[in-house]
Amino acid sequence: MITIPIKIEKKNNNINSDNDIFIKTLPPLSIYVHIPWCVSKCPYCDFNSHSKDPSNIDETIFLESLRCDLEQSLALIWNRSIISVFIGGGTPSILSVKTIDKILEMLRTYLKILPNAELTMEVNPGTVDSLKMKGFKESGINRFSIGVQSFDNNNLKKIGRIHDRQDALNSISCAQNLVENVNIDIMFSLPGQTIDNFVNDLNLVKSFNTKHLSIYHLTIEPNTFFSKKLPIDLPAEDTSSDMEDLIESELGEIGMKRYEISAYSKDRFKSIHNVNYWTFGDYLGIGPGAHSKISFHNKIIRQKRIYNPSLWMNKAMKMNNSHIIDSIYISNEELPFEFMLNVLRLKDGVSKQLFKFRTGLSVDIMKEKLNIAYERKLLSKNSEKFIATPLGWKFLNDLQAIFIR
Ligand code: SF4
């Protein structure tokens, strides 16, 4: 195994002897694996996903590139334990069972994956059958995240999904028969969607008694097909807000609690992987466009990989770290914002001590900004926790923006 040292740019570096950080205990570490292809590109999607005929994907070369990417990153996470793996995309379930099995085998070979680690895989209902799902489970996947978005065939068509209602129902049943921990992704405020359509979607979610739900308002992102050709039948703002109001009350009926802006779960089924992001934990992302945040005792770095899949494969296999396009230290001034950006998404907030644990800095460094947030009644004056007030939760972007350097 060859490991080439990575040159890290010191961007915005203000680290001086008075202000050096010291992180006593490194945070929990997760692994993200990005699969960049989809059967077709959805018109609202701004992820790093590229439409590709599944039969034209060279899974052997992709797998080898992932291995090279991982090998070049090992020095950054040497000897650390892994609490979760998330295979996302794109559409991971576009790949064969054999390739997913080999990805997991490769991760187990190189890394110390904890025995109770959460191993999630995203599944598009249009790319699986029960046999394939069973194969993924046998490879070690213990949590499926099913990209349903809606159960209404008209709504699905309008947002360019490749699956229909029946595919979605089949995938959920199949996943729930295989593993206990299943997430369903749902979207609302879709073109042509009525309150009744959405209530039907929520009722179906409830009927499945799912353990976790991620629910998103459709947003029109730049550089998507919808941004160039806006759907004419998007629900009015009032209708969208009525839909939003329905979510918490309807899901509460089956004991699902909102624990993050877009995430609901039953008691012990919060996503370990996502909670690690939201509590400013560490993650190594491999694959095209994947991002990483990795802590050392005296610094925290961020990395980005090349987005284009072919170029990423080509560069990763050169084994000289040229597949990494950005590698920077996060400066002391940026750390409060980076930390707050994540932790304030959690409805119950986090302990104030976590700031010191994760950043190595004293809470005093953001005293002025905290006072602004308290004065504007966006942050609760809780002595133990950083937690948004109901007003802060409603205007979360404004609250987070206070902490920008
Ligand atoms: S399936 Fe998911 S990742 Fe792929 S294009 Fe659609 S929204 Fe994007």
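Please go through the stretch 49-65 and give me each residue that is surrounded by fewer than 21 Cβ atoms within 10 Å (Cβ to Cβ) and outside any loop (DSSP other than H, G, I, E, B), ordered by number.
The answer is 50, 51, 54, 55, 56, 59, 60, 61, 63, 64.
Under 9 Å between Cβ atoms, at least 6 apart or on separate chains: pull out the pairs that start in the stretch 105-126 with a residue that is of a type in the set (S, T, N, Q) and end on any residue that is away from the ligand (no atom under 16 Å from the Cβ) and open to solvent by less than 20 Å² (accessible area, probe 1.4 Å).
120/84; 120/85; 120/141; 120/143; 120/271; 120/273
How about the stretch 330-363: which of its residues are without any contact (Cβ under 8 Å) to a residue 24 or more places away in the chain and basic (Lys, Arg)? Step through it out loud before you land on a result.
Applying the first criterion (without any contact (Cβ under 8 Å) to a residue 24 or more places away in the chain) to the stretch 330-363 yields 353, 356, 362-363.
356, the sole residue that qualifies.
So which strands (runs of 3 or more DSSP E) are wholly in the stretch 263-341 and hold at least 3 residues that are more than 18 Å from the chain's Cα centre (by Cα) and not acidic (Asp, Glu)?
Values: elements: 263-265, 282-286, 291-295, 300-305, 324-329.
Here the list reads 324-329.
If residue 46 satisfies all but one of (1) open to solvent by 50 Å² or more (accessible area, probe 1.4 Å); (2) more than 16 Å from the ligand (Cβ to nearest atom), what's the number of the condition it fails?
(2)
Go through the stretch 119-132 and give me each residue that's of a type outside the set (S, T, N, Q) and surrounded by fewer than 20 Cβ atoms within 10 Å (Cβ to Cβ). If you could, list the steps in order and put the result at the bottom.
Narrowing the stretch 119-132 to residues of a type outside the set (S, T, N, Q): 119, 121-123, 125-126, 128-129, 131-132.
The answer is 122, 129, 131, 132.
Identify the residue in the stretch 390-405 that is open to solvent by less than 70 Å² (accessible area, probe 1.4 Å) and within 14 Å of residue 260 (Cα to Cα) and, among all such residues, is nearest to the chain's Cα centre (by Cα).
Among those residues, the one meeting the criterion is 396.
Does residue 326 meet the test of being modelled with pLDDT under 95 and outside the structural domain of residue 142 (by TED's automatic domain parsing)? Lay out the reasoning, then the answer.
Details: modelled with pLDDT under 95: yes; outside the structural domain of residue 142 (by TED's automatic domain parsing): yes.
So residue 326 fits the description; yes.
Restricting to the stretch 66-106, name every residue that is under 16 Å from residue 118 (Cα atoms), in contact with a helix residue (DSSP H, G or I) (Cβ under 7 Å, 6 or more places away or on another chain), open to solvent by 10 Å² or more (accessible area, probe 1.4 Å) and part of a helix (DSSP H, G or I).
Selection gives 101 alone.
May I ask you to verify whether residue 31 is open to solvent by 20 Å² or more (accessible area, probe 1.4 Å) and away from the ligand (no atom under 16 Å from the Cβ)? So that I can check it myself, show each step before the final result.
Values: open to solvent by 20 Å² or more (accessible area, probe 1.4 Å): no; away from the ligand (no atom under 16 Å from the Cβ): yes.
Against the criterion (open to solvent by 20 Å² or more (accessible area, probe 1.4 Å) and away from the ligand (no atom under 16 Å from the Cβ)), residue 31 does not qualify.
Quick one: count up the residues across the stretch 298-349 that are open to solvent by 10 Å² or more (accessible area, probe 1.4 Å) and among the hydrophobic types (A, V, I, L, M, F, W, C).
11
Among the residues of the stretch 49-92 satisfying the criterion of being in contact (Cβ under 8 Å) with a residue 24 or more places away in the chain and of a type in the set (Val, Ile, Thr), which is farthest from the ligand (Cβ to nearest atom)?
77
Please go through the stretch 121-142 and pick out each residue that is within 15 Å of the ligand (Cβ to nearest atom), β-branched (Val, Ile, Thr) and in contact with a strand residue (DSSP E or B) (Cβ under 8 Å, 6 or more places away or on another chain).
First, pick out the residues of the stretch 121-142 that are within 15 Å of the ligand (Cβ to nearest atom): 121-128.
If we keep only those that are β-branched (Val, Ile, Thr) too, we end up with 123, 127-128.
Once the filter is applied, which keeps residues that are within 15 Å of the ligand (Cβ to nearest atom), β-branched (Val, Ile, Thr) and in contact with a strand residue (DSSP E or B) (Cβ under 8 Å, 6 or more places away or on another chain), the stretch 121-142 yields only 123.
So, in the stretch 245-262, how many residues would count as being part of a helix (DSSP H, G or I) and open to solvent by less than 90 Å² (accessible area, probe 1.4 Å)?
Of the residues in the stretch 245-262, the ones part of a helix (DSSP H, G or I) are 245-252.
Then keep just the ones that are open to solvent by less than 90 Å² (accessible area, probe 1.4 Å); that gives 246-252.
Total meeting the criteria: 7.
The values are calculated or read from the model by the stated rules, or taken from the named source; none is laboratory data. Because the structure is predicted, anything quoted here is derived from the model rather than measured. Don't worry about glycine lacking a Cβ; one is built from the backbone with ideal geometry, like all the others, and counts go over all protein chains shown. Protein only, heavy atoms only, side chains kept; ligands, DNA and RNA dropped before computing areas. Shrake-Rupley method; radii C 1.70, N 1.55, O 1.52, S 1.80 Å.
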